[in-house]
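Report on one structure; see the data block that follows.
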Amino acid sequence: MRAVVHNGIGVFAPQGFLDGNAANACLTLDDIHATINLKADMILVSLKKVVFFNRNGLDAFVKMLNKVRAKNHITVGFCDYDNKKYDAIMNFYKGEMSFSLFKTQNIAALFSASFKNQSKTLLVYCDDKSQRASIAIELHDNGHNPVIAQSLEEFKEKSSNPGSYDSIIDNTYLGQMGQNIASRVTGNAIIYTVSSFLDTEISDTFNIAYHNNSLNVGFKLFIFDAYKVISMNIHALNFFSKLASTAAEYNATICFAGLSFEKTPEAFKETMEDAGIMFFEQMDDILQDKELLKELGGSSSVGSKNKRVINKTLVTELPRFIDATISTIEMMTNSKAVKETAQINEIIIPQIEGKIASSVGFYGAIDGMVILVFPVEIAKKACELLIGEKTEDMELILDSLSELVNIVGGKIKMLLADENISVNITLPRTYSDLNDLLDMTDGRKGAQINLAFDNDHFSFFLTR
Amino acid sequence: MITKEKIDNYIEKIPPSPKALKETLTLLNNGELVKAAKVAQTDLALSAYLKSIVNRPIYGFKNSVSDISQIFGILGVTGSQQAVYNYMMSLLSPNQWKLFGLNKSSFHTLQDALVIKWQMILNHLKIESKDLQNAITLLPASIIVSEALFCEHIKDVNLLRSAKALDYNTILMRLCKVDLFDICEQISLKWEMPNEVAKVVQAASGVKPSEDAQMNTLGKWMHLLLFYELSQPMFIEAGLNDFIDFQIDYIEDIYEEFSTLMEVA
């Protein structure tokens, strides 16, 4: 059994009766190895479709979760349970729980390092005082507004008016949380939250793959929310200096907001400034200053100055990229594709209205980026298989589109592996406004193939 | 990937039940075990199948049984009918499973386990209808159909399922507006199985509750029984645990009774 990863959260979903034998059959050594290698911020086991479990059944998963946690420093646990299942787990593991419990996957997402939606107003209750405080602190650190109910009576009273809260968080338990640095996207800036003492561990807890992916797909402004940093040592200084050098290659900027130098040598600030890092007292000094934001690249995903051209290797593999794309879209739409035109040039999109796009990068033996431009109608059709119904909800369509592009990326990886070319794929990015895409690809030459699916036109663009 | 035409082709290619089997079933239905045994003997493959199943450990006979009339006598009318239906189902199953890690022996193990436990359930519910007893034999057709339709698309399906937790039934429904249990119903029609058989199996999909209260209750028991069996390590390892979605809310009201009956610890 494998975990399905969505928005950085990997979820196992066993079904039926979960005793020791069943759970051990669910997890082969290969499955455990694959889970350890997943690029996820959180690994959970959903109990939604488990009608019966016992301690032995959970133990097999707990062992796997502990291995993943020890190796990747991420949050692990169970989710999607009712009160009865929650009580059973608490009874099984009284006082020895290193994993977390989240009532639903949506609640788990609020604690995830790469959450999308911030500033949620959340009602929090737990009869254990320290848990209550931990939950509230963790949510606050992730950019939410937790409202704590101090007693069961208060919780009942407040939860009787559910419209006042985006979510109600009870029957949730935080075990050892992931040490990954929380990241969130505000417009075209990425904000990382760091706290406490910054030392050599930062290189383990910072998701460098996510950061590099963000650079690759055109993010220009990275802000470290450092209000809660007490101090940093030379290892952290070196880490940030290196990060700044990499960012410079992409013409990106790294800023710190709220970092105090009371317990950190002032000389560190000079070194970091020399590396190109900027310092601001308040986050709003950056985010509310539109001119500054524009100057730093946080108002749009402007094109990289590091424009590389499509090379012979990529052109040689072009048929595989196209096959992967066509077969995936054909599978998703159950329709046949017809190739129309092909050209090597900058991307040309004759009419940008009514179109959306998604991109996925790949790196390894070869590197580059695949961009797919869809008329909204094809995107809707292609995503119908994933969503299960026709929808006009653009957020849902874009979300499913990124899953679709992820599948295309997976297929590309598979086809290239058949040729002994090993690549990894980055997280997909979607564009609801094609001007952002055109900004990002400005000056980049690549191979563009225009295709028709049942007379709907669709473009594939491969670049570096 | 899979189109409605492909499904229609698949159904088209399902052979009707052979004459000897049809006659055997009719005679069994009339309670004429000896005559049915004589007809069954004329189909050598059926005879061999019957001999093989009745001597499996699950039936617990001390001595080997090889005479068909003796086998029908041991199994009784309903048991014999179920055995013949299971044989028909095994004719549909592939020689080599690709999508699921099954083989002839493990598929028969699943069929046997379902039949025996379904009988326990019907005894518990005090239901004696032969047609409803035979309904369980159609349920594994959903697995055979999944194998047949998806085995040529394993890589694509795996990629799709790595991005979204979709079961085969949902994928088929979303692609072709027909699900595995609709195809099972088509098979039952082709094999002239009683209407109740398809009705219970449709309800056992967990996503199409029956308007008939009794059929719906039986659908719940069958759905839960299927997942009880698919939670056995052998079938989890075969990749069957999530071939369809387990509808936990659907079976909620019968779970306690089921767990007592099956002695779930």
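The values are calculated or read from the model by the stated rules, or taken from the named source; none is laboratory data. Being a predicted model, the structure only gives us computed values, none of them experimental. Cβ: placed from backbone, ideal geometry, glycine included. Neighbour counts: every protein chain shown. Calculation scope for accessible area: heavy atoms of the full protein, side chains included, ligands and nucleic acids excluded. Shrake-Rupley method; radii C 1.70, N 1.55, O 1.52, S 1.80 Å.
Counting only helices (runs of 4 or more DSSP H) wholly contained in region A:48-139, the ones carrying 1 or more residues that are in contact with a Pro (Cβ under 9 Å, 6 or more places away or on another chain) occupy A:55-72. Give me the residue from region A:140-181 that is assigned to a strand (DSSP E or B) and of a type in the set (S, T, N, Q) and, out of that set, surrounded by the most Cβ atoms within 10 Å (Cβ to Cβ). If we take residues in region A:140-181 being assigned to a strand (DSSP E or B) and of a type in the set (S, T, N, Q), then A:167 is surrounded by the most Cβ atoms within 10 Å (Cβ to Cβ). Listed conditions (1) at pLDDT below 85; (2) open to solvent by less than 10 Å² (accessible area, probe 1.4 Å) are all met by residue A:387, apart from (2).
Selection of region A:244-258 for residues being touching a helix residue (DSSP H, G or I) at 6+ places or on another chain (Cβ under 9 Å) and farther than 21 Å from residue A:281 by Cβ yields A:246, A:247, A:249, A:250, A:252.
Conditions tested, residue by residue: (1) small (Gly, Ala, Ser); (2) more than 14 Å from every other protein chain (Cβ to nearest Cβ); (3) open to solvent by 30 Å² or more (accessible area, probe 1.4 Å).
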site	(1), (2), (3)
A:363	no, yes, yes
A:367	no, yes, yes
A:381	no, no, yes
A:431	no, yes, no
A:451	no, yes, no
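Would you tally the residues in region A:228-244 being closer than 21 Å to residue A:296 by Cα and of a type outside the set (Lys, Arg)? Residues in region A:228-244 being closer than 21 Å to residue A:296 by Cα and of a type outside the set (Lys, Arg): 4 in total. Restricting region B:177-212 to residues that are farther than 30 Å from residue B:22 by Cβ and either assigned to a helix (DSSP H, G or I) or within 11 Å of chain A (Cβ to nearest Cβ) (or both) leaves a set whose member that is least open to solvent (accessible area, probe 1.4 Å) is B:206. Within region A:415-429, none of the residues are assigned to a helix (DSSP H, G or I), open to solvent by 40 Å² or more (accessible area, probe 1.4 Å) and under 22 Å from residue A:212 (Cα atoms). Looking at A:45, A:51, A:68, A:62, just one residue is among the aliphatic types (A, V, I, L, M), farther than 30 Å from residue B:250 by Cα and surrounded by 17 or more Cβ atoms within 10 Å (Cβ to Cβ), and that residue is A:68. Could you check region A:400-416 and list, in sequence order, the residues that are within 24 Å of residue A:37 (Cβ to Cβ), within 13 Å of chain B (Cβ to nearest Cβ) and in contact with a strand residue (DSSP E or B) (Cβ under 8 Å, 6 or more places away or on another chain)? A:402, A:403, A:404, A:405, A:406, A:408, A:409, A:410, A:412, A:413 - these are the residues of region A:400-416 that are within 24 Å of residue A:37 (Cβ to Cβ), within 13 Å of chain B (Cβ to nearest Cβ) and in contact with a strand residue (DSSP E or B) (Cβ under 8 Å, 6 or more places away or on another chain). Being within 18 Å of residue B:242 (Cβ to Cβ) and either within 14 Å of chain B (Cβ to nearest Cβ) or more than 18 Å from the chain's Cα centre (by Cα) (or both) narrows it down to one of A:70, A:13, A:40, so name that one. It is A:13. If the condition is being closer than 21 Å to residue A:204 by Cβ and either charged (D, E, K, R) or surrounded by fewer than 20 Cβ atoms within 10 Å (Cβ to Cβ) (or both), then region A:245-255 contributes A:245, A:246. Quick one: is residue A:3 within 20 Å of residue B:246 (Cβ to Cβ), modelled with pLDDT of 90 or more and within 13 Å of chain B (Cβ to nearest Cβ)? Judged against the criteria, residue A:3 is not a match. The set of residues from region B:39-58 being exposed (fewer than 15 other Cβ atoms within 10 Å of the Cβ) and part of a helix (DSSP H, G or I) comprises B:44, B:45, B:48, B:52, B:57, B:58.
Would region B:134-156 turn up any residue that is within 14 Å of chain A (Cβ to nearest Cβ) and without any contact (Cβ under 8 Å) to a residue 12 or more places away in the chain? Yes.
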